[in-house]
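Nothing in this text is a laboratory measurement; each read-out follows from the coordinates by a stated rule. The structure presented is a predicted model; accordingly, all values stated were derived computationally and were not measured. As a convention, Cβ positions derive from the backbone with ideal geometry for all residues, glycine included, and neighbour counts pool all protein chains shown.
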Amino acid sequence: MKRVVITGQGSINALGMSAAETCASMREGRLGIGELEIRDVERLAIRIGGQVRDFNAEKHFNRQQIALYDRFTQFALLAADEAISQSGLEFHGELAARAGVVLGTAGGGVNTWDENYRTVYEDGKNRVHPFVVPKLMNNAAASHVSMTHNLKGPSFTVATACASSNHAMGQAFQLVRSGGCPVMVTGGTEAMLCFGGIKAWEGLRVMSRDACRPFSANRNGMVQGEGAAVFVFEDYDHARARGADILAEVVGFAMTSDASDIVMPSKQGAARAMKGALADAGAGLDRVGYINAHGTGTAANDKTECAAVAEVFGAHADRLMISSTKSMHGHLIGGTGAVELLACIMALREGVIAPTIGYEEPDPECALDVVPNEAREAKVDLVMSNAFAFGGLNAVLALGTV
Amino acid sequence: MSVPVAEKVREIIAEQAVLDVADVKPESTLEDLGIDSLGLVESIFAIEEAFDIQVPFNANDPEAGDFDISNVAAIIGAVEGLVAERDGAAVS
């Protein structure tokens, strides 16, 4: 089995237009959530989100590209450019033939669906733009990343709702670890902050109207975000041979299914995924210093996740740190695990633990060190990132220093 | 006025619980009727649609807001209040 390391990262989300800006915001505990600026916002009950602001697609893409790139594809392309450029890799010949891209997204081109349903249903038109299908399909982002960077190996998209990115990165990890691919570009992207994308979530009545306050006793729901994060996963020997700067090592991954409820989380399913990732890493649980929580800010997730952490880690649960950066960037649904992996890498590389902001009141059911409100300096060498999706599909990654 | 509201609310709850309307008693709790959190969210949606009202309900904190869901009679009372508000808003 090959060792798998990360040699590039890129992102765009409510906290920044790059991975570095995002990490700087996390370090400062900056709030990226605010009033939404979208069409028909006055018809929504939920009017806040972690929106990518001042984003001008024309600055990055030409008119023909924009005709084919939904917002979720645009985000993925910008994050991938940054990550691949940082890795220093160029894909030609044999490397190109064996390198691919696996991205997570839950909704794909939601803005494109929304705009074109308006055209036919609201405006009563009988014709839509010819590129609607290739623009909205869930694999559009992965395909455009492959075309832009000449990635000709295994490429596909994973859709497991809020765990999409973690499942995608887990697939990339396994492809590199097995020796099948020397390099995989991976992460996730989501752009669901449009009228239809929010109206659908509103219906479930789990959204907060004012803030995402994970683990806080007065939390009242989740807040959506948007954006992408993309990483370069590379065979350690390949990276060493070319003298690449290694950001972190991916040491373990596990997936489980609750097989119980379509929306309610399960302590058992979450605990089994965390234990599985640790077993895969071959690491003792007392080595884990930080967990980037799923931490949605809903009543159900946060208490279930804390109970699962307590079950898995026993007494060590009180010594580790666990924070939810969704309090800052919102819940990017299918893209969320990817943006959250930035916080894990920052913890390993810079010794800075991103905080859970908006934390106001302790909840006895979430009695862990949630790094409230302010980032903390701490040396950690093994971290985990949790993702627990609607549908009971769980995916947990473990990362370490090299 | 209040009779049809009560009757309609009971019908909605009965349909969700897969019970006869006669079995939906004022003192029945949602738990008694076997309505879980998803069933409750669906019932509230049906109530909003039937009466053209907005029900203040957040599944993260069912106790918050003024919408009392402690039993069928409480739900009916809360819906009657919202319907009266709606009619008041319509005439003013």
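Summary table below
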quantity: Options A:246, A:291; residue that is surrounded by fewer than 19 Cβ atoms within 10 Å (Cβ to Cβ), out of contact with any Phe, Trp or Tyr (no Cβ under 7 Å at 6 or more places or on another chain) and within 21 Å of residue A:22 (Cβ to Cβ); calculated: A:246
quantity: Within region A:283-302, tally of residues that are in contact with a Lys or Arg (Cβ under 9 Å, 6 or more places away or on another chain), of a type outside the set (A, V, I, L, M) and more than 13 Å from residue A:222 (Cβ to Cβ); calculated: 2
quantity: Hits in region A:187-209 - residues which are within 14 Å of chain B (Cβ to nearest Cβ) and either touching a residue at least 24 places away in the same chain (Cβ under 8 Å) or surrounded by fewer than 19 Cβ atoms within 10 Å (Cβ to Cβ) (or both); calculated: A:199, A:200, A:201, A:202, A:203, A:204, A:206, A:207, A:208, A:209
quantity: Selection status of residue B:72, touching a helix residue (DSSP H, G or I) at 6+ places or on another chain (Cβ under 9 Å) and either under 27 Å from residue A:210 (Cβ atoms) or basic (Lys, Arg) (or both); calculated: no
quantity: Top-ranked residue in region A:31-76 [being exposed (fewer than 11 other Cβ atoms within 10 Å of the Cβ) and touching a residue at least 24 places away in the same chain (Cβ under 8 Å); ranked as nearest to the other protein chains (Cβ to nearest Cβ)]; calculated: A:43
quantity: Criterion: in contact with a Gly (Cβ under 8 Å, 6 or more places away or on another chain), away from every other protein chain (no Cβ under 14 Å) and surrounded by fewer than 22 Cβ atoms within 10 Å (Cβ to Cβ) - qualifying residue of A:314, A:282, A:334, A:330; calculated: A:282
quantity: Top-ranked residue in region B:49-82 [being at the interface with chain A (Cβ under 10 Å from one of its Cβ atoms) and either polar (S, T, N, Q) or assigned to a helix (DSSP H, G or I) (or both); ranked as surrounded by the fewest Cβ atoms within 10 Å (Cβ to Cβ)]; calculated: B:54
quantity: Among (1) more than 14 Å from chain B (Cβ to nearest Cβ); (2) in contact with a strand residue (DSSP E or B) (Cβ under 8 Å, 6 or more places away or on another chain), the one test that residue A:221 misses; calculated: (1)
quantity: Scan of region A:286-340 for residues that are more than 27 Å from residue A:209 (Cβ to Cβ) and acidic (Asp, Glu), ordered by number; calculated: A:286, A:311, A:318
quantity: Tally of residues being out of contact with any strand residue (DSSP E or B) (no Cβ under 8 Å at 6 or more places or on another chain) and assigned to a helix (DSSP H, G or I) across region A:139-192; calculated: 5
quantity: First in region A:344-366 and over 15 Å from residue A:379 (Cβ atoms), second anywhere and aromatic (Phe, Trp, Tyr), Cβ under 7 Å, 6 or more apart; calculated: A:356/A:215; A:359/A:215; A:363/A:215; A:366/A:215
quantity: Among (1) over 14 Å from the mean Cα position of the chain (by Cα); (2) in contact (Cβ under 8 Å) with a residue 60 or more places away in the chain, the one test that residue A:321 misses; calculated: (2)
